[in-house]
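Have a look at the structure below before the remarks.
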Amino acid sequence: MAQQTNIAAQTAFGEAVVAGDLDALDAIVAPDSVDHDPAPGQVPGPAGYKAMFNDLRAAFPDLHVEVEHLLATDDELAFAYHISGTHLGPLMGQPPTGRRVSYRGMQISRFDEDGRLVERWGSSDELGMLRQLGLADG
């Protein structure tokens with residue numbers, strides 16, 4: 001059952017991000033949750049994820065995240081995902097370009113016995129995203 005609970009929590013996390021319902025993360029993320037690959041200035045717990053995704057959604061209002069592959073154990077999930085969106089707001093101090101991006105990432109999430117996210121490790125192709133926007137050489 002833990003696998004299904006954790007999959008449901010991760011699904012709810014993704015749905016909250018895509019819908020912009022970031023307050024829902026308060027119930028999904030443990031207060032002392034640690035992101036081992038945080039965004040610059042990201043604080044622990046729900047507040048850190050809410051701030052990070054608020055900034056990302058401001059830059060990409062049509063943000064879409066799709067899980068492409070998922071593996072689960074009793075307390076961890078590993079998944080590959082695809083992100084897409086149109087750059088219509090400021091991103092890392094850069095003005096909007098109006099360009100669409102499409103890039104991939106991977107994440108491992110660990111959950112507690114209540115199905116709340118307690119640790120995250122992840123990586124996405126941020127350099128590829130910046131290149132698509134014309135904000136990085138390559």
Here, trypsin sites (Lys or Arg not before Pro) of region 32-138 satisfying both criteria (DSSP loop; at most 16 other Cβ within 10 Å) are 99
Calculated [θ] (222 nm, deg cm²/dmol) that DSSP helices of n ≥ 4 give over the chain, each run adding -39,500 (n - 2.57)
-9500 deg cm²/dmol
Stretch residue 137-residue 37 to full length: gain in nm at 0.36 nm per residue minus the Cα-Cα span?
33.7 nm
Of the convex hull drawn through the C-alpha atoms of the chain, the volume per residue in Å³ is 95 Å³
Work out, step by step, the length gained on full extension between residue 58 and residue 126: first 0.36 nm times the residue separation, then minus their alpha carbon distance; give nm to one decimal.
22.8 nm
Run through all the Cα pairs of region 60-113 and give the fraction in each 10 Å bin from 0, expressed as whole percent.
22, 36, 26, 14, 1
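If you stretched the chain out fully between residue 119 and residue 106, how much longer would it get, using 0.36 nm times the residue separation minus the C-alpha to C-alpha distance?
Details: separation 13, 0.36 × 13 = 4.68 nm, distance 1.42 nm.
Difference between extended and current length: 3.3 nm.
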Please arrange 127, 77 by accessible surface area, largest first, computed with a 1.4 Å probe and ligands excluded.
127, 77
Pairing the Cα long axis of helix 2-19 with the longest principal axis of the chain, what angle in degrees results, from 0 to 90 and rounded to the nearest 10?
30 degrees
Please find, in a Gaussian network model of the chain (springs between Cα atoms separated by less than 10 Å), the residue of 52, 106, 92 whose mean-square fluctuation is greatest.
92
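The values are calculated or read from the model by the stated rules, or taken from the named source; none is laboratory data. Quick caveat: nothing in here was measured; it's all calculated off a predicted structure. Virtual Cβ from ideal backbone geometry, glycine too; neighbours counted across all protein chains shown. Surface accessibility is based on the protein's heavy atoms, side chains included, excluding ligands, DNA and RNA. Shrake-Rupley method; radii C 1.70, N 1.55, O 1.52, S 1.80 Å.
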